[in-house]
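Only one structure is covered here, and it is reproduced in the block below.
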Amino acid sequence: MAENTGCTHDCSTCSANCSSRAPQYDAPHKDSHIKHVIGVVSGKGGVGKSIITSMLSVAMQRRDYKCAILDADITGPSIPKAFGTKGDILSTGDGLIPLATKTGIKMISVNLLLEEETRPVVWRGPVIAGTVKQFWTDVVWGDVDYMFIDCPPGTGDVPLTVFQSIKLDGVIIVTTPQDLVSMIVGKAVNMAAMMNIPVIGLVENMSYVKCPDCGRELHVFGKSKAEEVCAQYGIPFIGRMPIDEKLASLIDHGVIELMDNDYLGSTADAVINFCEK
Ligand code: ADP
């Protein structure tokens, strides 16, 4: 029975979390066997969601899990660039074949569908949302242990489509120290709650800078409030990453798989514990 008056019984047009809500998730392609699906979200763009998605996939692949990335951040698809992955997405007639990175992470992104990667994607929301759905339903992903979905920032059409059509195990919220003092994290937490998706935890990016001379950690945005904010929302704090110029260079050269840090080791542990507990 719906608690909200004016209920149309069409949950796809309503985000109310009432007892009538019955998620109608789309099935993946018949030849996709995906054990766990994790959404990586943020309240706004530019906080490092794509870099964290990429690095976490690398960290998990190094732990011998078969990983895949579905790049749903259609408005700023930077995943293929981070891995230096290029090539056409082939269709077998039965489905689309994802590309693979140098270490074998399967990947699909709208950037791989564009003739020129600098061309802006000017599609309207429903078209973008439809493309993301197709990345789930029409791509032959094969066997995947962990799929990471780089979700578009914010709470618009496309993240809603991701949440409503793909059954996620949980989401990771990426933020920066400045956003922790605003309402942005709260919005991401509330959106996940409205969609009944568990929050695996929060990762704070750009937490500090390491002085190249003395190695001291400089907290340029002041002392982190990450633990405090996580306690406030009742979500786990699962990782902290510094601003590191080496990372920017690895991304620029398309070789993120050569990273030699374990910044997201605790995040990878948290994901495994969460999914395999
Ligand atoms: P989002 O996906 O949230 O829009 P990106 O992951 O694309 O953000 O990051 C935005 C830019 O900031 C990219 O150029 C990325 O390489 C850079 N960046 C993000 N986090 C870091 C970091 N910790 N150290 C260095 N550069 C970073």
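The values are calculated or read from the model by the stated rules, or taken from the named source; none is laboratory data. From a predicted model like this one, the values you see are computed outputs, not experimental measurements. Methodologically, a virtual Cβ is constructed for each residue, glycine included, from the backbone with ideal geometry; neighbour enumeration extends over all protein chains shown. When the accessible area is computed, the model is the full protein with side chains, heavy atoms only, and any ligands, DNA or RNA have been set aside. Shrake-Rupley method; radii C 1.70, N 1.55, O 1.52, S 1.80 Å.
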Keeping all protein chains in place, calculate the accessible area per residue for the chain (probe 1.4 angstrom), answer in Å².
48 Å²
Cut-off 13 Å between beta-carbons: net charge of the residues surrounding G45, Lys and Arg +1, Asp and Glu -1:
-1
Residue-ordered couplings for the range 27-33, obtained by feeding phi - 60° into the Karplus form 6.51 cos²θ - 1.76 cosθ + 1.60 and rounding to whole Hz (Gly and Pro as x), are 7, x, 3, 4, 9, 9, 10
Any chance you could check the Cα centroid distance between the range 249-273 and the range 220-248 for me, in angstrom?
16 Å
Ignoring any ligand, DNA or RNA, what whole percent of the accessible area of the range 186-277 comes from carbon and sulfur when the probe is 1.4 angstrom?
54 percent
Per DSSP H run of n ≥ 4, the term is -39500 (n - 2.57); total these for the chain, divide by its residue number, and report the mean residue ellipticity at 222 nm rounded to 500 deg cm²/dmol.
-8500 deg cm²/dmol
For the range 153-277, the spread of Cα positions along each principal axis, largest first, Å
47, 31, 31
F237 long-range amide H proximity, modeled H, under 5 Å:
L202
Across the range 223-230, in residue order, what do the Karplus-derived ³J(HN,Hα) couplings come to in whole Hz, using 6.51 cos²θ - 1.76 cosθ + 1.60 with θ = phi - 60° and x for Gly and Pro?
5, 5, 9, 4, 4, 4, 5, 4
If contacts are Cα pairs under 8 angstrom and at least 6 residues apart, what is the relative contact order of the chain in percent?
25 percent
Normalise the Debye intensity by I(0) for the chain, one equal point scatterer per Cα, no solvent, then take log10 at q = 0.11, 0.12 Å⁻¹ and round to two decimals.
-0.62, -0.74
How compact is the range 45-86 by the rule of thumb for globular proteins, expressed as Cα Rg over 2.2 N^0.38 Å?
1.16
If a/c stays under 1.5 just call it rounded; otherwise compare a/b with b/c (prolate if a/b is bigger, oblate if not). Do that for the range 23-65, with a ≥ b ≥ c from the square roots of the Cα gyration tensor eigenvalues.
oblate
Would you grab the residues whose amide H sits under 5 Å from the one on L96? Only those 5+ places off in sequence or on another chain, please, with H modelled 1.01 Å from N.
V139, V140
Sorting check: for 170-177, 254-261, which peptide has the highest mean count of neighbouring beta carbons within 10 Å, and how do the rest follow?
170-177, 254-261
Looking at the P(r) of the range 221-277, how many percent of alpha-carbon pairs lie beyond 12 Å?
74 percent
Got a sec to turn the phi values of the range 166-178 into Karplus ³J(HN,Hα) couplings, 6.51 cos²θ - 1.76 cosθ + 1.60 with θ = phi - 60°, whole Hz, x for Gly and Pro?
10, 7, 8, 6, x, 10, 10, 9, 9, 8, 10, x, 5
Relative to the compact globular guide of 2.2 N^0.38 Å, what is the alpha carbon radius of gyration of the range 126-206, as a ratio?
1.17
